[in-house]
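Everything below concerns the one structure shown next.
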Amino acid sequence: MWKQFLRTCRKIEDQTPDDRIRYADFLRVVAILVVVLGHWLLAYITVEDGQIQAERLLAIVPETQWLTWFFQVMPLFFFVGGLANAIGWDSSREKGTGYVNWLRKRAKRLLAPVIPLIFFWIPVVLLLNFLGTPTDLLVLATQAVMLPIWFLAAYLCVITISPAAYWLHRRFGVGALLFFVAMALVVDILHKAGVPYVGWSNFVWVWGAVHQAGFFWHDGRLPNSVARGVLIALVGYGLLLVLVLVFDYPLSMVGTGEADRTNNSPPSIALVVLTIGQIGLIIALKRPAERLLQRTAVWGAVVLAGSRLMTVYLWHMTAMVAVAAAAYPTGLWPVADRVDGIWWLTRIPWLLLLTLTLIILVLAFGRFESPGPVKPTSIRGWPGRLKAIAGVALTTAGLAMLVAGGLYSESSPLQLPWIPLVILITGLAGLGVVSLSAFRRGEEENAADRDQSSST
């Protein structure tokens, strides 16, 4: 097996272009794996009256909230996304690909892996409901497994505005970045003052600002010394400390389940400041990381992990729900009365079980992460743009509704959330992620195969 792995790594090395920014791929993998590890570690699961109860470690042990200053690494993904989208848009313009087809291509790569997740859970929900699973447990489980898709909605919005944001960067440079930061700050102030709904626009302004910073990496305008990286990190984390201690921002960079106001839902300016600190760390670690990534086995492992990265992210909560459902109510796993040394020791076999389960899920569903080319749209001009933007709006709305409510709706037929599902599928169709024509072709091919089999 090791020899096969090394052969694969050498093949990957030979096929890697010289101008590939390996450090960016490495950061994407690290960001997602840290998110997965954080979700798995910060879940505190108990059983009451035979039913699973889930709490957040951040609320039970408030001291752990400091860890989120390093475990909240989604800014890294959006930052690297700015670099990747700038490269992709430059390449698209050189090839003469229009905005709509570029957007459809990016959307399909991002969103195709979520389809098997949803259609896997629909029959599971139907079966569990038929077996009489308590409503509270179904809601908890389906909200948990749908939690990761918030990122798809936020990143899709950022992709949609990427060409315009990149033009602003080319035209105004730092001024464009400051515009996003200023808008995020204004929205933050209004949200803190109690203005309803306005805070949710920071999914665009905050993550857009982080994404905008990635354009400077594309331009080669980031500092390149360890000392400057350390200085930037100290400034970033110092400013974050000021926000928490002076301006009463929450300590945790993710939701704790208790506070009325959080830094991540909706996003606050604290995440922009956190990004400054993380960019400093990225710069400081860049040279040793790049030397490490020149090793064939290391680079091969990064590429292989990256090829299934979205599957890992989307299915890691399903792995946790499956293991918790099998281990806790049955008594196979000890239920802790408190978070102590023994509880922390049990995290080692807990993580091993979750990893094994996730590997099985990735092997089963990872192939959907390579959806193939998207069919270019035949609708030109503004009608095509409006259709694509409508697809983005509907997809984002459908994903957001599933994040908020899960895949169980007690008042709907069959207890499934039909409205969010229909909105989502309509949006995905508008973006070319799903295609009725492809489905019809598949039916025709299957019919032809059956006819051929019967004739032979």
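The values are calculated or read from the model by the stated rules, or taken from the named source; none is laboratory data. Computed from a predicted model, the values in this text were never measured in an experiment. Ideal geometry is used to build each Cβ from the backbone, glycine not excepted, and the neighbour counts take in all protein chains shown.
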(request) State whether the residues of region 71-82 include one that is in contact (Cβ under 8 Å) with a residue 40 or more places away in the chain, assigned to a strand (DSSP E or B) and touching a strand residue (DSSP E or B) at 6+ places or on another chain (Cβ under 9 Å). (result) no
(message) Condition first: farther than 30 Å from Arg20 by Cα, in a loop (DSSP other than H, G, I, E, B) and not small (Gly, Ala, Ser). Now tell me which residues in region 83-133 satisfy that.
(response) Leu131, Thr133
(request) Check Ala400, Ala388 and return the single one that is over 28 Å from Ala327 (Cβ atoms), among the small types (Gly, Ala, Ser) and touching a Pro at 6+ places or on another chain (Cβ under 9 Å). (result) Ala400
(request) Kindly indicate whether any position in region 181-193 is over 23 Å from the mean Cα position of the chain (by Cα), in a loop (DSSP other than H, G, I, E, B) and either of a type outside the set (A, V, I, L, M, F, W, C) or at pLDDT 95 or above (or both). (result) no
(request) Residue by residue through region 194-207, note down the ones that are over 15 Å from Ile161 (Cβ atoms) and part of a helix (DSSP H, G or I). (result) Val198, Gly199, Trp200
(message) Any residue in region 242-257 that is on the phi > 0 side of the Ramachandran plot sitting within a Cβ distance under 8 Å of a residue that is of a type outside the set (A, V, I, L, M, F, W, C) and surrounded by 14 or more Cβ atoms within 10 Å (Cβ to Cβ)? List the pairs, counting only those 6 or more apart or interchain.
(response) Gly257/Glu55; Gly257/Arg56
(request) Report, by residue number, each residue of region 391-421 that is over 22 Å from the mean Cα position of the chain (by Cα), on the phi < 0 side of the Ramachandran plot and of a type in the set (A, V, I, L, M, F, W, C). (result) Leu416, Trp418, Ile419
(request) Give me a count of the residues in region 369-395 that are assigned to a helix (DSSP H, G or I), aliphatic (A, V, I, L, M) and either touching a helix residue (DSSP H, G or I) at 6+ places or on another chain (Cβ under 9 Å) or touching a residue at least 40 places away in the same chain (Cβ under 8 Å) (or both). (result) 6
(request) May I ask you to verify whether Pro196 is at pLDDT below 95 and either more than 22 Å from the chain's Cα centre (by Cα) or among the charged types (D, E, K, R) (or both)? (result) yes
(request) Filter region 108-138 down to residues that are free of Cβ contacts under 8 Å to residues at least 24 places away in the same chain and within 22 Å of Leu428 (Cα to Cα), then give me how many there are. (result) 2
(message) Condition first: without any contact (Cβ under 8 Å) to a residue 40 or more places away in the chain, in a helix (DSSP H, G or I) and of a type outside the set (A, V, I, L, M). Now tell me which residues in region 306-342 satisfy that.
(response) Gly341
(message) Suppose we keep only residues that are among the aliphatic types (A, V, I, L, M) and in a loop (DSSP other than H, G, I, E, B) within region 396-417. Which one would you say is surrounded by the fewest Cβ atoms within 10 Å (Cβ to Cβ)?
(response) Leu416
(request) Could you tell me which residue of region 208-233 is surrounded by the fewest Cβ atoms within 10 Å (Cβ to Cβ), considering only residues that are part of a helix (DSSP H, G or I) and more than 27 Å from the chain's Cα centre (by Cα)? (result) Ala227
(message) For region 324-359: of the residues being farther than 26 Å from Pro62 by Cα and of a type in the set (S, T, N, Q), which is surrounded by the fewest Cβ atoms within 10 Å (Cβ to Cβ)?
(response) Thr330
(message) Whether any residue in region 283-303 is closer than 21 Å to Tyr237 by Cβ and crowded, with 21+ Cβ neighbours inside 10 Å is what I want to check.
(response) yes
(request) May I ask you to say which residue of Thr357, Thr346, Thr330 is touching a Pro at 6+ places or on another chain (Cβ under 9 Å), under 22 Å from Ala144 (Cα atoms) and not aromatic (Phe, Trp, Tyr)? (result) Thr346
